[in-house]
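The values are calculated or read from the model by the stated rules, or taken from the named source; none is laboratory data. Everything quoted here is computed from the prediction, not taken from an experiment. With ideal geometry, Cβ positions are generated from the backbone for all residues, glycine too; neighbour counts draw on all protein chains shown.
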Amino acid sequence: MARSGENPAKITQIAGVPYDRISQVSVEVAPSILAADFACLGEAIRAVEAGGVSLLHVDVMDGHFVPNISIGVPVVASLRKATRLQLDVHLMIENPEQYIEAFASAGADMISVHQEATPHLDRALSMIREHGCKPGAVINPATPVMMLSEVLGKVDHVLVMSVNPGFGGQAFIPEATEKIRELRDIRERHHYSYRIEVDGGIGPENVAEVVRAGAQILVAGTSVFHTPDPAAAVREMAHLASEAMAQRV
Ligand code: DX5
Ligand code: ZN
């Protein structure tokens, strides 16, 4: 537990293996705190930490890019003080460039920006890296993978939305699976190194499908926090993911 006002050390390795290397070969569940009770965020974090996760997905919504408002910079700063988990900040906001520095200073580890949210995606991704965070590009369900072709060599991760962003608890859009596969093929062909993340409607029923297609980070809100035992929910999904890894085609 961190003393107040002091950031705890971040996770840099798991069982002696550098985090970056482990994350290239394994699948991780990234609980989305959007589905947690905002009055008890500390408890929610403790629960998923007990489930063994190393990432926490943080959904930032501005009421313009998406029709909902969620959380902002001060909450990320508080999360940073409360946990050693890597903070995966998903910006669903207009003018993302304007806020990158603030989220980086607040303690984000990964920052993802939507291709649809800025005409200057390349600049936004460079800014994220310059501020010491891992840059990720996100595409909405209606956006094809090819819209990212010019930046795929520069990103740490690509986030495929499998719902239309703005709300938790929506149904998985199955076309996302083909995009994951496409991203995996492109990565192999061009020797890129990005991880593939999927977000929206993920739960035990579709973990195997997206992992077999190539997903490595599984964002899950409702299927984690709207269960009586979030730690068990995370463990179950991680287990399903590792079984599916063995069957990847
Ligand atoms: C949707 C958000 C998601 C959301 C997922 O706009 O980006 O991260 O929390 O929630 P579930 O898992 O409930 O679909
Ligand atoms: Zn998200």
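Note on segment 167-182: among residues that are of a type outside the set (Val, Ile, Thr) and assigned to a loop (DSSP other than H, G, I, E, B), the one that is surrounded by the fewest Cβ atoms within 10 Å (Cβ to Cβ) is Ala171. Among the conditions (1) buried (at least 23 other Cβ atoms within 10 Å of the Cβ); (2) within 16 Å of ligand 2 (Cβ to nearest atom); (3) over 30 Å from Gly42 (Cα atoms), Tyr194 misses just one, which is (2).
Here is a check on your reading of the model: is Ile202 within 18 Å of the chain's Cα centre (by Cα), modelled with pLDDT of 95 or more, away from ligand 1 (no atom under 12 Å from the Cβ) and not aromatic (Phe, Trp, Tyr)? Spelling it out, it is not the case that Ile202 is within 18 Å of the chain's Cα centre (by Cα), modelled with pLDDT of 95 or more, away from ligand 1 (no atom under 12 Å from the Cβ) and not aromatic (Phe, Trp, Tyr).
Taken together, the criteria exclude Ser149 from residues that are within 16 Å of ligand 2 (Cβ to nearest atom) and of a type in the set (Gly, Ala, Ser). Per the conditions (1) over 19 Å from Val27 (Cα atoms); (2) away from ligand 1 (no atom under 16 Å from the Cβ), the sole criterion not satisfied by Ile173 is (2). For the subset of segment 131-166 comprising residues that are in contact with a Gly (Cβ under 7 Å, 6 or more places away or on another chain) and closer than 15 Å to Ile217 by Cβ, which member is surrounded by the fewest Cβ atoms within 10 Å (Cβ to Cβ)? Looking at residues that are in contact with a Gly (Cβ under 7 Å, 6 or more places away or on another chain) and closer than 15 Å to Ile217 by Cβ, I get His157.
Which residues, counting only those in segment 38-71, are more than 16 Å from Pro96 (Cα to Cα) and either in contact with a Ser or Thr (Cβ under 8 Å, 6 or more places away or on another chain) or without any contact (Cβ under 8 Å) to a residue 60 or more places away in the chain (or both)? Within segment 38-71, Phe38, Ala39, Cys40, Leu41, Gly42, Glu43, Ile45, Arg46, Glu49, Ser54, Leu56, His57 qualify. Would segment 227-244 turn up any residue that is surrounded by 23 or more Cβ atoms within 10 Å (Cβ to Cβ), part of a loop (DSSP other than H, G, I, E, B) and within 16 Å of ligand 1 (Cβ to nearest atom)? Taking every residue of segment 227-244 in turn, none turns out to be surrounded by 23 or more Cβ atoms within 10 Å (Cβ to Cβ), part of a loop (DSSP other than H, G, I, E, B) and within 16 Å of ligand 1 (Cβ to nearest atom). Filtering segment 31-89 to residues that are under 21 Å from Ala104 (Cβ atoms), out of contact with any strand residue (DSSP E or B) (no Cβ under 9 Å at 6 or more places or on another chain) and either within 16 Å of ligand 2 (Cβ to nearest atom) or not polar (S, T, N, Q) (or both) leaves Leu41, Pro74, Ala77, Lys81, Ala82, Arg84.
Candidates Arg84, Arg123, Arg129: the one that is closer than 21 Å to Phe65 by Cα and among the basic types (Lys, Arg) is Arg123. Hey, any hits in segment 44-58 for a residue that's under 29 Å from Thr118 (Cβ atoms) and at pLDDT below 65? No - not one qualifying residue is present in segment 44-58.
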